[in-house]
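*Asks:* Have a look at this one.
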Amino acid sequence: MFPFAGRSLPRIGYGMGQLARRATSTAGWTEAVALLRRAFELGVRHFDTAQFYGDGLANRLLRAALGDVRDEVVLATKAGAKPVPGAIPLTAAQQPHELREAIEANLATLDTDRLDVVYLRRMDYRPGLLAEGDQIVPLQDQLSELAMLRDEGKILGIGLSHITVEQFHTASPIGITCVQNIYHLLDRAFEPLLTACRDEGIAWVPYFPLGGGGYADLPKVTEAPAVTAVAEELGATPTQIGLAWQLAHAPNTMLIPGTGSTGHLMENTAAGDIALDEDTLARLENGTVH
Ligand SMILES: NC(=O)c1ccc[n+]([C@@H]2O[C@H](COP(=O)([O-])OP(=O)(O)OC[C@H]3O[C@@H](n4cnc5c(N)ncnc54)[C@H](OP(=O)(O)O)[C@@H]3O)[C@@H](O)[C@H]2O)c1
């Protein structure tokens, strides 16, 4: 458990990044709603979403699956991009008035009166979209708008996503709930940011927790020889080892693996039960196979 958005939450949550793509037919919708309900039954209480996941579809799935238990779950969403039709289904929406519009859209599709966490998703570096022209907005202007929305009670906590350590220190005085950056066993470039969050008792919510993330050129934790070797020894799956390493590595880590499979969901939620000793952690971190 870790304190998150004013609650003490199980550290394994669920990410909505892919589910909307599976829910475009009636059968797909029904299956996706059932999967989210199953996640709740398995103890998942933290759901990570965005209006731009399927142009509101991910949020509507959450409302359908969890509307009656709304007060028991934490809904974390994002501002900084908006949905558009096309192969890349989102575009930058970084200006303060666009952040406000994103929050209103999320409130409507989630059918809720408050968003537990809203991440400001910055676009200063790749992978993902880069902000250009009038979409390059000073961080302070965005934080002022989000603080206003928090004062209005529309959002309870402010998160930061895809940021730098310097941006974290700039934002920290307004009160930050959590940080969501790329981080996994094979890419620990943001270790100093993780450490800064841990020092301040702020939740660290890695995205692409198993690497890959749909990018062919990004390494996949589940294919690393040390990970597959440890998985075999412990009778676990490589996914579980990648997730268990994250949990063991830092006490403030909150995971949000997404899946469209009930089997994978059960696997992922069970990863919290896997204990990795010091020797195994060192082997994973050094990439040692023996
Ligand atoms: N802030 C940001 O910029 C940002 C960017 C990307 C993602 N996110 C958030 O972070 C979450 C995690 O991101 P992600 O890209 O790593 O994951 P994701 O988009 O949620 O997708 C996870 C992928 O891993 C597979 N998977 C999950 N559990 C598995 C298991 N036990 N065995 C085998 N395959 C498994 C899933 O396939 P199956 O469906 O077949 O299981 C899916 O293809 C997202 O859902 C989203 O909420 C945020």
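*Asks:* For residue 256, only one of the following conditions fails: (1) within 30 Å of residue 30 (Cα to Cα); (2) more than 8 Å from the ligand (Cβ to nearest atom); (3) surrounded by 21 or more Cβ atoms within 10 Å (Cβ to Cβ); (4) of a type in the set (A, V, I, L, M, F, W, C). What is its number?
*Replies:* If we test residue 256 against (1) within 30 Å of residue 30 (Cα to Cα); (2) more than 8 Å from the ligand (Cβ to nearest atom); (3) surrounded by 21 or more Cβ atoms within 10 Å (Cβ to Cβ); (4) of a type in the set (A, V, I, L, M, F, W, C), just (2) comes out false.
Residues checked against (1) among the charged types (D, E, K, R); (2) under 22 Å from residue 183 (Cβ atoms); (3) without any contact (Cβ under 8 Å) to a residue 60 or more places away in the chain:
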position	(1), (2), (3)
66	no, no, yes
87	no, no, yes
91	no, no, yes
140	no, no, yes
146	no, no, no
162	no, yes, yes
168	no, yes, yes
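*Asks:* So the check is Cβ under 8 Å with 6+ separation or different chains; which pairs have a first residue in segment 98-113 that's without any contact (Cβ under 8 Å) to a residue 12 or more places away in the chain and at negative phi and a second one that's part of a helix (DSSP H, G or I) and crowded, with 22+ Cβ neighbours inside 10 Å?
*Replies:* Once the first residue is without any contact (Cβ under 8 Å) to a residue 12 or more places away in the chain and at negative phi and sits in segment 98-113, no partner that is part of a helix (DSSP H, G or I) and crowded, with 22+ Cβ neighbours inside 10 Å comes close enough.
*Asks:* Would you please name the residue that is nearest to residue 37 (Cα to Cα), looking only at residues in segment 266-290 that are of a type in the set (Val, Ile, Thr) and not in a helix (DSSP H, G or I)?
*Replies:* Here the residue is 274.
*Asks:* Moving on. For residue 177, are the conditions met, namely being within 16 Å of the chain's Cα centre (by Cα) and farther than 23 Å from residue 286 by Cβ?
*Replies:* For residue 177, the condition - within 16 Å of the chain's Cα centre (by Cα) and farther than 23 Å from residue 286 by Cβ - is met.
*Asks:* Identify, from the list 242, 263, the residue that is in a helix (DSSP H, G or I), out of contact with any helix residue (DSSP H, G or I) (no Cβ under 8 Å at 6 or more places or on another chain), modelled with pLDDT of 95 or more and within 13 Å of the ligand (Cβ to nearest atom).
*Replies:* Every option except 263 fails the conditions.
*Asks:* I need every pair where a residue in segment 114-137 that is over 10 Å from residue 94 (Cβ atoms) has its Cβ under 9 Å from the Cβ of a residue that is among the aromatic types (Phe, Trp, Tyr) and within 13 Å of the ligand (Cβ to nearest atom), sequence separation at least 6 or different chains.
*Replies:* Every condition considered, the pairs that remain are 127/208; 127/215.
*Asks:* I need the full set of residues from segment 206-232 which are in contact (Cβ under 8 Å) with a residue 40 or more places away in the chain, more than 11 Å from the ligand (Cβ to nearest atom) and not hydrophobic (A, V, I, L, M, F, W, C), in order please.
*Replies:* Result: 225, single match.
The values are calculated or read from the model by the stated rules, or taken from the named source; none is laboratory data. On a predicted model such as this, the values are computed, not experimentally measured, just so you know. All Cβ positions, glycine included, derive from the backbone under ideal geometry; neighbour counts span all protein chains shown.
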